[in-house]
Amino acid sequence: MTQLILNSVKRGIFYLFLLLPVSAVLAAGEEPTESDGELAEVMVRASRVANTQPAGSYASLATSLRFDPQTELQSRGLAEGQADVAVRGGIFENTGFSVGAVTVMDPQTGHYTAGLPIEPGFLSPPMLLTGIDNAVTGFNSNIATIAYSLPLVRSGGDVSLGIGENDLKYTSLRLAEVTTLNSGSDLGVGLSAAWSEGDGTLPNGDHKFERYNLHIQHKRGNTQTDVLLNYQDKFYAWPGAYTGFASLAETDHTKTQLLLANHRREIDKGWFEVSAYYRELEDDYDFDRTTQESGVPGSFEHLTRAYAIGFQGSHRQGMIDWRYGGQLMGDKLVRSTDLTEGNFTRRNYLKFSLVPSFDIAHSGAGIVTARIGASLDSSNRDSSAVSPLAGLSVQTISPAGSNTYALEYASASQLPGYTALNSRPAGLFGGNAGLGREKSRQLSFSITRESLNWTGSASLFYRSDIDLVDWTYFTGKPFSRQANAVDLDVLGFELIASRRWYSLELVAAYTYLDKDANYGSAEVDASFYALNFARHRATLALRYQLTSQLELRLDNEYRVQQDNPLRSSKDKAFLASLALAWEPESIKGLGLALTADNVTDSSYQFFPGTPAVGRQVSVSLSYGW
C-alpha cells in the first residue's frame, strides 16, 4: 500500500514539474479575477549578521549563518565547503532546510543538508523556526528549520570578481529579466553561475567549486509559480575533516542536482503553498587523498536520490486560524561502497501537522492566543509517532511598540540517515542498524519586544532528547567513530537585541547551554556532536557607515566551549570577520570590498581534532545594475 502511494507521488511530482511552467503560460491568457487586486501579506526578514560575503569563496546559503546569533555553524575548512548547523544545543541532523513548502533533505547524512546548491539571491533571507513553528513547517528535523521563501524576480543583475591569499580566485554572475505579458501577469527568468578555487590556509586544504542556477517565475495577482533548476560540483579538502586526525589528508567531492517547483496563492483570509523536488547527490569521500580507491569497500562512494511533495497553508475562520502542513517523501541509496550493512536502502516518509490557533481575547490593546494541535510522522521502515503541540501567547500593543509573551510545548520526531544505519558496525565510521526513531520534547518561555528603533527577545527553554543519534569516541577503539543513541537533557537561555541609528546598526546576542547525557551501556569517552557545544556564546554584528561611500561591516563571536578530551585547541575563542566596502557615488552600482575572515587567526577547532581555518584575506570587485 505504501509503495502504491509512493508511486503515485512520483508520478504526481513528475506531472507537477511539467504542469507548473505550462500553467504559468496558460495563466497569462486568463482574465483577471476580483481577488487579483487584493494586497498580499508581505513578510520582511532582516539579516542579523553584518557580512553576507565570505573572504574565501563565493557566497552560499551557509555564509549568512556563520555568525547568526541563533544558529551555530560548525565548519570543516571553509563554511562554504562543508558546514553543520546546530540550533539550541542540537546537532547537525536536527536542523532542516526548507524552500517554499518542502524540506530538502539528504538521506545519506545531515552533513550535506546545508549545502543546498541554490544561488542565495534567488531566495529570501533565512528565517529560523523553532518549537511549534518548526513542528508544523519542518520535516525530519527535531529542533529547528531554516526556512526560505521565493521572492519576486527583479530585472537586473550583478557580477563579482575576487582574488585573495593562497591563490584564491572566484567569480559569480547573476542575471534576471521580467517581462509583462499581455494579460498583465509577469514572467521572470533568472540565471546564475559561480566558480571558485584556491589552495586554502593549510596544506591539503584546497577547494574547487562550481554552481549553476536557473529560476523561472510566473506572477499573476495573488498567485506565484516558481521552478528552480540547480547544479553544484563541489570538491574540497581539509586535514582531519571528519576523522579528527590532522595527519590524514581528507577530501570530499559532491555533485548535487536539485529540481524544485513551488506554487503559492494568497486566498481569502489565508494562503496555500505546494512544492515538489527531486534531488540527487553523488559523493566521493577519501580519508586519505594520497591513496587511490574506487568501487571497493573503503572508497566511500555513494549515490542517493530523494523526491518529495509537500504543502503548507493557513486559513482563518472567525476567531480560529487553521495552520497546517505536510510532506510525503521517498529516498533511495542507489549505490554505495561502504553503506552496505543495514536492513534497507529505500525508505518512505510521511508527515502531517495541524495546529489551529484561537484568539481567546482580542482588543485594541492586545491579543491572547492559544495554539493546540499535533504532528503525525510515519515511515514504512519504523514505527509512527504522534507529537502533541500546545502554546499560549499574550501580545500587548501600545504607541511605543508591542510586547509578546509566549509559553509553548513542542514535541517532534525524526529518523537517522543511512550513514548511521548502514555503515559497518566497526571501523572508521561505525554504524548501528538498530537505531530507531529519535524524539524531542521542549518547553520554552519567551519575551519579545518590538519598537520603532529597537527589537529584543529573551528565551528560556528545557528540552529532552530521546534516542538522539550521536557519533562517539572510545579510547579502547581510537580509530573508530561509533553511532550511538543518547538521551539528553538540555537547558538553555537566549538573549538577542538589535538597534539601528542613522549610520550604525548593531545586533548583540548571548546564549547559555547546559547538557546532561546518558548513553546507556555504550562505551563512550567523548562525543563529536551532542557534547560538542558552546556553554557560553556571545555575538555582535556591526554595520557602520563611515562616509556616504564607505561602510564597515564586522561580525564578532566569543565562545566558551564545553570541555572535550579530543580538542587540542583552547576551549575559549574569539572569532571575527571584517569587511570594508566602498561604493563610489560617481559610478552607480560599482563596489570594491576588502574582506578578512578569522581576523584574529584563531586556532579554535569547531570539531575536536580538526584543524581550524586560518586567516583569509581577499579583495572583490562587483558591479550591479
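The values are calculated or read from the model by the stated rules, or taken from the named source; none is laboratory data. All values derive from a computational prediction rather than experimental measurement. Reconstructed Cβ throughout: ideal geometry from the backbone, glycine too, with neighbour counts over all protein chains shown.
Points worth noting:
- Selection status of L491, at pLDDT 95 or above and surrounded by 15 or more Cβ atoms within 10 Å (Cβ to Cβ): no
- Listed conditions (1) within 26 Å of the chain's Cα centre (by Cα); (2) crowded, with 20+ Cβ neighbours inside 10 Å; (3) part of a strand (DSSP E or B) are all met by Y558, apart from (2).
- Condition check for T547: under 24 Å from the mean Cα position of the chain (by Cα) and of a type in the set (S, T, N, Q): no
- Residue check, A24 at pLDDT 50 or above and of a type outside the set (S, T, Y): no
- Meets criteria (in a strand (DSSP E or B), under 30 Å from D338 (Cα atoms) and free of Cβ contacts under 8 Å to residues at least 40 places away in the same chain) for I397: no
- Test for S336: is it under 30 Å from I447 (Cβ atoms) and not aliphatic (A, V, I, L, M): no
- Number of the exception - Q232 against (1) surrounded by fewer than 20 Cβ atoms within 10 Å (Cβ to Cβ); (2) touching a strand residue (DSSP E or B) at 6+ places or on another chain (Cβ under 8 Å); (3) not hydrophobic (A, V, I, L, M, F, W, C): (1)
- Every residue from the stretch 335-366 that is part of a loop (DSSP other than H, G, I, E, B) and either aliphatic (A, V, I, L, M) or free of Cβ contacts under 8 Å to residues at least 12 places away in the same chain (or both): L339, A365
- Given (1) under 28 Å from T600 (Cβ atoms); (2) at pLDDT below 95; (3) touching a Pro at 6+ places or on another chain (Cβ under 7 Å), number of the condition S247 does not satisfy: (3)
- Considering the stretch 262-300, the residues that are more than 21 Å from the chain's Cα centre (by Cα) and acidic (D, E) include one that is surrounded by the fewest Cβ atoms within 10 Å (Cβ to Cβ), namely D268.
- Residue check, N204 at pLDDT 95 or above and within 18 Å of P117 (Cα to Cα): no
- Considering L303, L376, the condition of being assigned to a strand (DSSP E or B), surrounded by fewer than 16 Cβ atoms within 10 Å (Cβ to Cβ) and modelled with pLDDT of 95 or more is satisfied by L376 alone.
- Within the stretch 202-216, considering residues that are on the phi < 0 side of the Ramachandran plot and over 23 Å from the mean Cα position of the chain (by Cα), the one surrounded by the fewest Cβ atoms within 10 Å (Cβ to Cβ): P203
- Only residues that are crowded, with 22+ Cβ neighbours inside 10 Å and aromatic (F, W, Y) were counted in the stretch 235-261, giving 3.
- Test: residue in the stretch 350-357 that is under 13 Å from N140 (Cβ atoms), surrounded by 15 or more Cβ atoms within 10 Å (Cβ to Cβ) and of a type outside the set (S, T, Y): yes
- Any chance A596 is closer than 27 Å to G121 by Cβ and not β-branched (V, I, T): yes
- Count of the stretch 155-186 residues which are of a type in the set (D, E, K, R) and under 24 Å from the mean Cα position of the chain (by Cα): 1
- Sole residue being under 13 Å from the mean Cα position of the chain (by Cα), surrounded by fewer than 24 Cβ atoms within 10 Å (Cβ to Cβ), under 23 Å from L258 (Cβ atoms) and modelled with pLDDT under 95, chosen from G115, G110: G115
- Checking each residue in the stretch 383-394 for being modelled with pLDDT of 95 or more and of a type in the set (S, T, N, Q) picks out S384, S387, S393.
- Failed item in (1) within 11 Å of the chain's Cα centre (by Cα); (2) of a type in the set (S, T, Y); (3) surrounded by fewer than 23 Cβ atoms within 10 Å (Cβ to Cβ), with T103 passing the rest: (3)
- The stretch 205-228: number of residues that are more than 14 Å from G121 (Cα to Cα) and of a type in the set (A, V, I, L, M): 1
- Residues within the stretch 455-509 that are small (G, A, S) and over 19 Å from S47 (Cβ atoms), tallied: 8
- Hits in the stretch 499-534 (condition: without any contact (Cβ under 8 Å) to a residue 40 or more places away in the chain, assigned to a strand (DSSP E or B) and under 13 Å from L488 (Cα atoms)): D514, D516, A517, N518
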